[in-house]
Amino acid sequence: MADLHPVAQDEPTLEPVPEPPRHESPRRRRSHRRFMLLAALVVIFDQITKVILRETLELGDREWLAEFFAFSHIANDGGAFGVFGGQNTVLAVSAVVAIGVVAIYYFFPPMDHWLIRSGLALILGGAIGNLLDRIYQGHVTDFIDFIHFPAFNVADAAINVGVAAIVIALLFSDFLKRNPRSP
C-alpha cells in the first residue's frame, strides 16, 4: 500500500542500520561447544548416579565397598560438608548466583586458557547438578563416603576439581600465557 504522506526532501529517513555479522572463529566455536558439553556431561553423570543410588539404597543405608569406602544414601540439606543445614532456599539462590558468576567469568575472562574454561565448565555442571537436587528433592543427595571425610557426590567433586584447575591456572598464569595451546 502506498504511503499517503510523502516524506519531505529535507527530513532524513530513519532506517535501521544492520549490525555487522559477528564472526567467531571456528576455534572459539569449538571452545564453546566443549565448554557446554563438559558442563552437560557433569550434570548428566551427577543426576544418573544420584537416581541409581536413590533407587538402590534407602535413605540412611550404607553399602561398604572397602574398609575405608562406602556408598551411603545421605540427604544433605546444607552446603558443602553440611554447613548451613536447613538453609535450602538460601543455598539454592547462592547456586543461581554462582552460575551467573561462572557465566560472566566465562564470557569476560581475565585470562583465556583451556584450563580455566574447563574448570568453569566443571563448576557450572556441579552447581546445576546440586541445584536440580535442591529444587526437586529439597536437599542434595550425597553418597560417596570415605571414612573420616564428609560424604559428597559427583557434582561436589566436579566443583572442587574445577576450582583446583582455576587456581592452578592462575598460579601458573605466566607459564600458561606463553603456552596457550588448547587440547
Check: How much length, in nm to one decimal, is gained on full extension between residue 75 and residue 92, taken as 0.36 nm per residue of separation minus their Cα-Cα distance?
Finding: 4.6 nm
Margin query: Let's test the formula: R0 of 30 Å, r as the Cβ-Cβ distance of residue 51 and residue 25. What FRET efficiency results, to the nearest 0.05?
Written below: 0.20
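Any read-out appearing in this document is the output of simple, stated calculations on the displayed coordinates, not a laboratory observation. This is a predicted model, so every value here is computed, not measured. Note that we place each Cβ from the backbone using ideal geometry, even for glycine, and neighbour counts take in every protein chain shown.
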